[in-house]
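So the structure is just underneath, and the comments pick up after that.
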Amino acid sequence: MLPLSQTMSRHAQDFIDDARLEKLAGAADLVDVGHLREVIAKSLGKEALSVEETAVLLHTRDRELREEVLGAARELKQRVYGNRIVLFAPLYIGNMCVNDCSYCGFQRKNKHAVRRTLGTEEIREQVVAMENQGHKRLIVVFGEHPRYDADFIATCIRDIYDTRSGRGEIRRVNVNAAPFDHAGFATIKAAGIGTYQIFMETYHHKVYAAVHPAGTPKGDYLWRLDALSRAFEVGQDDLGIGALFGLADWRFDVLGLVSHAVFLKDRYGCGPHTISFPRLRPASGATVAGQGLVSDEDFKFLIAVLRLAVPYTGLILTARETADLRRAAMEMGVSQIDAGSCIELGGYTEQTCGQRMEREQFSLGDLRSLDTVIRELTEQGHVPSFCTACYRLGRTGEHFMEFAIPGFIKRFCTPNALTTFMEYLVDYASPATAKSGLAQIKVELEKLEDSPMKQKLLERLELISTTDQRDMVF
């Protein structure tokens, strides 16, 4: 029996049926092309897919049929999100950990890891450095350790919001940390967080047990699976799920993610705000070989499948991947990426070059600066966005779904993306990025029909260019 401080949600259940998902993930002898196209059409109507319908997409092996799936994902992404890409960066606060996850550089038994927890002034120094690059959104990351309790995390969040440099400010702090009980989630919510991320890493029970030793907090499968339900029950409805691809069969974990999204939607009225799908990367002290390593082609395909399965959900692709792969994958449905990222404790002010693996959780594949990423995004026709309007105007959880499912998010987000992008161009961009960015804004404005909203947008862009006025949300 769990102690009172670790009570489950009111209706806690293990909704992952391994045998069912393994059967669905298995290769089909013959794809019913008509059924496949019915599933694609449903998704293009911005309806979330069932687990069974997602499996129909996963069974696609034929190159031409796969291209239909990829093309549909590209089209759906444009319909729902347009060409905007939301930007953020991670801030690691502490890497002390009581778990022994075999794929992670933070694991307790890793004797090479340099352990560190940032103090208040060190956190502020990191935030100032990030703000001076132009960041407005970040995610704070913690190992799982008693020192990083809910009060500590809430204090870190408040300190970040209170730290400003010139025109710079952090407007949204997301969290990636351990699961908490109801009281812990309530404490963190009160600090004004954005999304709370908790990844299962893998939904396969046997593989989960193999890489998360029994007797550690993370070894408790149901406690982790139930975490977001506890968060929902205290009103934290802006939540992110994820799987670490390479641990189990990738098709199984795609179905696990969709199963989780369906469960949350059915139980609480809305699914996850974001889904992440990192792949295994080298890490200090890591011992896991991985049973489901994913090729680049299959990886891009699984992103497309997730985009079609959950049309309303943000898809996050991190700097674990190379720049080339990220460029290609953004076309398949990715809506958020990190940029200018440093995952070393204190790295935004102290690191000189490269990665020091004994100080980091895993290796990165994309070390480009924020300015470089933004310039390349605009050259590819994307609109970089630092928008936080939905979160701060209460358009989260079920309210967010009301806007996102019908596709209205594109209308709300375009003006907010352009104003936050203009802030970056005026305040932080290099000359080359400013030139490219302003040209892209002009292209986007030409797409908009004349309307009171467009006139207001033009006025606000002019104010940003000529005054100190900032943070004018739609």
Problem set entry | Largest to smallest principal axis extent of the C-alpha atoms in the stretch 42-180, angstrom | 54, 43, 26
Exercise. ³J(HN,Hα) across the stretch 101-108 via Karplus (A = 6.51, B = -1.76, C = 1.60, θ = phi - 60°), whole Hz, x for Gly/Pro?
Worked result: 5, 6, 9, 10, x, 8, 3, 4
Exercise. Summing Lys, Arg as +1 and Asp, Glu as -1, what charge do residues with Cβ under 12 Å from the Cβ of ASP14 carry, ASP14 excluded?
Worked result: -3
Exercise. Roughly speaking, what is the centre-to-centre gap between the stretch 419-474 and the stretch 260-322 when only Cα atoms are used, to the nearest Å?
Worked result: 32 Å
For this session: Take each of the peptides 97-108, 457-468, average the number of other beta-carbon atoms within 10 Å over its residues, and list them starting from the highest.
Result: 97-108, 457-468
Seminar exercise, completed: Only helices counted: for the chain, with every DSSP H run of 4 or more residues adding -39500 (n - 2.57) and the sum spread over all residues, [θ] at 222 nm is -14000 deg cm²/dmol
For this session: Collect residues whose amide H, placed 1.01 Å from N in the peptide plane, falls under 5 Å from the amide H of ARG84; neighbours closer than 5 in sequence don't count.
Result: VAL383
Seminar exercise, completed: Along the dipole axis of the stretch 190-283 (charges at Cβ: +1 for Lys and Arg, -1 for Asp and Glu; origin at the Cα centre), the most positive-end residue among ILE193, HIS204, GLY246 is GLY246
For this session: Rank the residues TRP250, TRP223 as a footprinting-exposure proxy: fewest other Cβ atoms within 10 Å of their Cβ go first.
Result: TRP223, TRP250
For this session: Under 23 Å Cα to Cα from LYS111, which lysines show up? Leave out anything in the same chain fewer than 8 places away.
Result: LYS218
For this session: Determine, for GLU22, GLU321, GLU297, the number of other Cβ atoms within 10 Å of each Cβ, and report the residues in order from fewest to most.
Result: GLU297, GLU22, GLU321
Seminar exercise, completed: If amide H atoms are modeled at 1.01 Å from N in the peptide plane, then the residues at a separation of 5 or more from ILE139, or on another chain, having amide H under 5 Å from its own are ALA89, LEU91, ASN174
For this session: For the chain, just the Cα set please: Rg and Dmax, both in angstrom.
Result: 21.4, 64
Problem set entry | Percent antiparallel among DSSP beta bridges (both partners in the stretch 77-399, rounded to 5) | 10 percent
For this session: Quick one: Debye curve from the alpha-carbon atoms of the stretch 409-466 only, equal weights, vacuum; give me log10 I(q)/I(0) at q = 0.13 Å⁻¹ to two decimals.
Result: -0.31
Exercise. Points 7 angstrom from Cα along the Cβ direction at THR155 and ARG115: gap in nanometres?
Worked result: 1.9 nm
Exercise. Taking Cα centroids, how far is the stretch 7-40 from the stretch 169-211 in Å?
Worked result: 24 Å
For this session: Order the peptides 301-310, 159-168, 359-368 from the highest to the lowest mean number of other Cβ atoms within 10 Å of their residues.
Result: 301-310, 359-368, 159-168
Exercise. Tell me, what is the FRET efficiency for LYS442 and ASP471 to the nearest 0.05, using R0 = 25 angstrom and their Cβ-Cβ distance as r?
Worked result: 0.65
Exercise. Placing +1 at every Lys and Arg Cβ and -1 at every Asp and Glu Cβ, with all other atoms neutral, what dipole size does the stretch 275-340 have around its Cα centre, in debye to the nearest 20?
Worked result: 120 debye
For this session: Give a residue-ordered list of calculated ³J(HN,Hα) values for the stretch 448-454 (Karplus: 6.51 cos²θ - 1.76 cosθ + 1.60, θ = phi - 60°; whole Hz; x for Gly, Pro).
Result: 7, 6, 4, 6, x, 5, 5
Exercise. Order of GLU331, GLU64, GLU47 from fewest to most other C-beta atoms within 10 Å?
Worked result: GLU64, GLU47, GLU331
Problem set entry | Between the stretch 110-147 and the stretch 368-390, the Cα center-to-center distance that results, in Å | 23 Å
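Taking the Cβ-Cβ separation of THR349 and ALA183 as r and a Förster radius of 41 Å, what is the calculated FRET efficiency to the nearest 0.05?
So the FRET efficiency works out to roughly 0.75.
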Exercise. So which aspartates and glutamates can LYS435 reach, going by Cα to Cα under 19 Å and dropping same-chain residues fewer than 8 places off?
Worked result: ASP371, GLU376, GLU379, GLU423, ASP427, GLU444, GLU446, GLU462
For this session: Please state the charge dipole magnitude for the stretch 77-399, taken about the Cα centre, from unit charges on C-beta atoms (+1 on K and R, -1 on D and E), reported in debye and rounded to the nearest 20.
Result: 280 debye
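Readers should treat all values here as calculations from the given coordinates under stated rules, not as data from a laboratory. Just so you know, these numbers come straight off a predicted model, no measurement behind them. Because the Cβ atoms are built from the backbone with ideal geometry, glycine has one as well, and the counts that use them run over all protein chains shown.
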